[in-house]
1. Quick check: is even one residue across the stretch 214-234 among the basic types (Lys, Arg), outside any helix (DSSP H, G or I) and at pLDDT below 95?
2. Any residue in the stretch 188-197 that is assigned to a helix (DSSP H, G or I), without any contact (Cβ under 8 Å) to a residue 24 or more places away in the chain and open to solvent by less than 30 Å² (accessible area, probe 1.4 Å)?
3. Enumerate the pairs (first residue in the stretch 141-161 and within 13 Å of the ligand (Cβ to nearest atom); second residue anywhere and open to solvent by 40 Å² or more (accessible area, probe 1.4 Å)) with beta-carbon separation below 6 Å, excluding pairs fewer than 6 apart on the same chain, so at least 6 apart or on different chains.
4. Right, Val40: in a loop (DSSP other than H, G, I, E, B) and either open to solvent by less than 10 Å² (accessible area, probe 1.4 Å) or aliphatic (A, V, I, L, M) (or both) or not?
5. Val69 versus (1) of a type in the set (Val, Ile, Thr); (2) over 30 Å from Ala145 (Cβ atoms); (3) at pLDDT 95 or above; (4) buried (at least 22 other Cβ atoms within 10 Å of the Cβ): which is the lone unmet condition?
6. Taking the condition of being modelled with pLDDT of 90 or more, outside any helix (DSSP H, G or I) and out of contact with any helix residue (DSSP H, G or I) (no Cβ under 7 Å at 6 or more places or on another chain), how many residues in the stretch 76-106 meet it?
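The values are calculated or read from the model by the stated rules, or taken from the named source; none is laboratory data. As the structure is a prediction and not an experimental result, all values here were calculated from the model. Don't worry about glycine lacking a Cβ; one is built from the backbone with ideal geometry, like all the others, and counts go over all protein chains shown. With ligands, DNA and RNA removed, areas are computed over all heavy atoms of the protein, side chains included. Shrake-Rupley method; radii C 1.70, N 1.55, O 1.52, S 1.80 Å.
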Amino acid sequence: MSLYRDEGVVLRTQKLGEADRIVTILAKRTGKIRAVAKGVRRTTSRFGARLEPFTHVDLQLHTGRTLDVVTQAETIRPYGEVLAADYPRYTAGSAMLETADRLTHGEKEPALRQFLLLVGGLRTLADRGHEARLVLDAYFLRSLAVAGYAPALDACAKCRAPAIRAFAIVSGGVVCGACRPAGAAVPAGETIGLMTALLRGDWAAADASEPRHRSECSGLVAAYLQWHLEHGIRSLRHVEREPV
Ligand SMILES: [Zn+2]
């Protein structure tokens, strides 16, 4: 049997038989892994709690014919325990896990930048230094950028003209007056500025933004993400904005 080690974040789990689970993990070197965790639903399981969604774990697996099998799991950081006590942070984290799952397609295709963005996003959420929805919107924008869908924010997405009139999801970002399709949103300049700050990781600018621009930004980012994922992110509908 062929053993390998990796670290990863548990994205989701599903029941298998009487006592086992199939665990989907976004791993640092390997990419997305679906593996069997045997006996984890028994109360005597050595590592059941370490293989719950959100947990950053160090793993040893052996390669199976169809699914790999988890043979060891050590917790690096249990983000689920931290986030479970705070509903807006928990739902934002759930939307991150689902997005990471959706933006990484094949199993065992390395996705190091998506892994690093996810771990960084969960850590920023758990550290509580910034509003949960801002952290989530920053994660959405950056993970879309890594997946090749960065929105144009500084010049027209169609003709690169610098004069911006609207934000058009189908065009790929901001557009000029000539390229603006019917029905494109016309956000405040500050909203586009906030999206730029979140994409760059400029937290000083993002934290100083006004609630109305944050709301407008969240609406545009969610629509942009859902358009790219086609079927939408189910857990996003439970995300609530914290009082500011
Ligand atoms: Zn244009």
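1. Within the stretch 214-234 (the criterion being among the basic types (Lys, Arg), outside any helix (DSSP H, G or I) and at pLDDT below 95), the answer is no, since none of the residues qualifies.
2. yes
3. Ala155/Pro162
4. Against the criterion (in a loop (DSSP other than H, G, I, E, B) and either open to solvent by less than 10 Å² (accessible area, probe 1.4 Å) or aliphatic (A, V, I, L, M) (or both)), Val40 qualifies.
5. It is condition (4) that Val69 fails.
6. 5
The rows are residues; the columns are (1) within 24 Å of Val40 (Cα to Cα); (2) buried (at least 24 other Cβ atoms within 10 Å of the Cβ); (3) assigned by the TED database to the domain that holds Pro53; (4) small (Gly, Ala, Ser).
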site	(1), (2), (3), (4)
Thr91	no, no, no, no
Thr99	no, yes, no, no
Thr104	no, no, no, no
Glu109	no, no, no, no
Arg123	no, no, no, no
Ala126	no, no, no, yes
